[in-house]
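Each value in this text was obtained by applying a stated rule to the coordinates, not by laboratory testing. Just so we're clear, the structure is a prediction, and the values are computed from it rather than from any experiment. Note: ideal-geometry Cβ built from the backbone for every residue, glycine included; neighbour counts use all protein chains shown.
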Amino acid sequence: MTALRMRRVLRQINFENELEFTAVMLVKFATSRKERYRMKKPAKKKPRKQIRRKGHKLPGDAGRSAAKMKGGRSRAAVPPGKKQEALQDQADKREMVKRDAKAKVEADAKAMMKQLAPVAKEINVKIKLAAKLDGKADDHRLSAALLLESARRRCKEAKIAFEKWCEDNVEKSYDEVRKLVAIAQAPQPAKALADLRSGAAARNRKLRARQKVSRDATAPASRAETPWEAADALVESLPDREALSLIEARAKPLGMVVVSETDANVLAQSKKDDPSEFATVDELESGFLSLKASDQYSFVQWAATQIGAEVAGDFSMEEHLTDIPDHLRVEP
């Protein structure tokens, strides 16, 4: 005991001398030990082990045997009616818990579907932009892949079937969606997208090569090209002016002349006209006089050829581009 505590006790007791104080303290100490000893709970005695003899049943054997047959510990007997009520209460509680859990899942799924509606619109916009094959097609395709992966995780949290959601909201087949999701799940999505596109291009080239070989092997032998087809193909490949020159050159040895469609129509119409409608001699003379000297000479040669005659004498005429025909001259 500390000095401070001793002083407090002395103030409470107010003893005259220390000897009396010591005697009192000893009495208190002995009394406190007795009280503590009485407050202790006596230890329970272990029951004496009962010796089981052959053919002798101990108390409680019937309950233990019944519990062993049921596979559990022995319990107090319960009336059938109360037991049935307890079982029914437990079943009702389990059913209520299931209903509450199902209602919560449906509410969460409905709320998540509302949140995913704008995401689906954005995914479809990215897919349409990627289909235009412009310079940013890969960027749009990568954005769509990342959005699809985010939507997949949110569907999983809300217990929504991702495949069903894609079929109802995404304008792509589920196979294409799975490829885009795999790209987004890769450690480097941009590299995965580039590898996928390069691999697809290589597969397409191999497929086209196999198809070409197959067509060449199964195609029937082509017939030989005729000279007419070769010539027609040659003329078709030439420019219009060169093709016309070639045709004119090949027609001349055959006594043919190439004329325009307008001249051919005029010639055909003249053959249909009545001979009485042709020009008279006076009209021919008047027209002859209106020609230039060189044209008159050409006409005379043509007329002589038509009747099987020849122009006697050889003469030449000189004219200038600025010469004015006589019928057009005006006397001063």
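Take the Cβ atoms of Arg241 and Ala264, set R0 to 25 Å, and the FRET efficiency comes out at 0.80.
Peptides 242-249, 139-146 ranked from most to least packed give 139-146, 242-249, packing being the mean of other C-beta atoms within 10 angstrom over each peptide's residues. In plain terms, the chain from Arg197 to Asp92 could stretch by 32.1 nm, reckoned as 0.36 nm per residue minus the Cα-Cα distance. Distance from the alpha carbon centroid of the range 157-196 to that of the range 105-129 works out to 14 angstrom.
Multiplying the residue separation of Asp138 and Tyr174 by 0.36 nm and removing their Cα-Cα distance gives an extension gain of 11.0 nm.
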